[in-house]
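Data first, discussion second: the structure below is written as structure tokens.
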């Protein structure tokens, strides 16, 4: 493995330990919500993985949360931009799809350590990891429809991971899964207690470390081809549809309710 300097990052904490790169999403005040800046820095981290010959990437979040989803502030800013050609919201949304595709195709083994909030984009990252650990107390959810949006870039990977029936159920209900249910549905490969996490992670890293890097990369590429189709067109169309929803009065009401910590107009829960 070559000595390649780690990129400078503000929304990620990066730590290289031999052939392992630990990538910690670090916006604790936002429960590690994924901003455009974080997407850029994750891309830079993946550039490093390829340049350095990193064998294992471990994704986790700081302060007990994995990722609470996309940053609503970025979406609100994009919605204020005029549309000339491709909608800027579609461009923003598709960038996250590009990131998921890249993590999915990463030549290194990818591990996701899911603690606390695992929502939206965090749910997507959990679905494209080679090994996903659900730590007791984790909460997995697709909240997009409760904001008046479809989970455009995430849904295809949820269906790939969980199958059509369970993917459809979670997308339309926005139901929260705990760590045990995530494991039962095969979203996560292991359900671990917090005090057993270090040992579980070390065991996985040790097992992967026994694999020859070239063979591992080739095997990942082979597995991805089984039953796969080109998602680029699907995700392009999904980004355009997402932008249409995001520019609607309904979605703006959802954004406002979220930012004001109020219930959205379509929320059917009863008071109390």
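The values are calculated or read from the model by the stated rules, or taken from the named source; none is laboratory data. Note that the coordinates shown come from a computational prediction; the quantities given were computed from them, not determined experimentally. Glycine also receives a Cβ, built like all others from the backbone with ideal geometry; neighbour counts cover every protein chain displayed.
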Here the residues within region 120-149 that are modelled with pLDDT of 95 or more, at negative phi and not in a strand (DSSP E or B) are 122, 123, 124, 125, 126, 127, 128, 129, 130, 136, 138
Would it be correct to say that residue 114 is at pLDDT 95 or above and buried (at least 23 other Cβ atoms within 10 Å of the Cβ)? yes
Note on residue 152: of the conditions (1) part of a helix (DSSP H, G or I); (2) modelled with pLDDT under 95, unmet is (1)
Filtering region 8-52 down to residues that are more than 25 Å from residue 74 (Cβ to Cβ) and assigned to a strand (DSSP E or B) yields 15, 16, 17, 20, 21, 22
Of the residues in region 167-193, those that are in a helix (DSSP H, G or I) and in contact with a strand residue (DSSP E or B) (Cβ under 6 Å, 6 or more places away or on another chain) number 4
Considering region 77-92, residues that are surrounded by fewer than 17 Cβ atoms within 10 Å (Cβ to Cβ) and on the phi < 0 side of the Ramachandran plot, and then whichever is modelled with the highest pLDDT, we arrive at 91
I'd like to check something: does region 63-75 contain any residue that is farther than 25 Å from residue 7 by Cβ, surrounded by 23 or more Cβ atoms within 10 Å (Cβ to Cβ), at pLDDT below 95 and out of contact with any strand residue (DSSP E or B) (no Cβ under 9 Å at 6 or more places or on another chain)? no
Would region 219-242 turn up any residue that is touching a strand residue (DSSP E or B) at 6+ places or on another chain (Cβ under 7 Å), surrounded by 12 or more Cβ atoms within 10 Å (Cβ to Cβ), at negative phi and modelled with pLDDT under 95? no
Checked 131, 135, 159 against criteria (free of Cβ contacts under 8 Å to residues at least 12 places away in the same chain and either surrounded by 17 or more Cβ atoms within 10 Å (Cβ to Cβ) or within 14 Å of the chain's Cα centre (by Cα) (or both)); the one match is 159
Those residues of region 103-117 which are assigned to a loop (DSSP other than H, G, I, E, B), under 21 Å from residue 198 (Cβ atoms) and touching a helix residue (DSSP H, G or I) at 6+ places or on another chain (Cβ under 6 Å) amount to 108
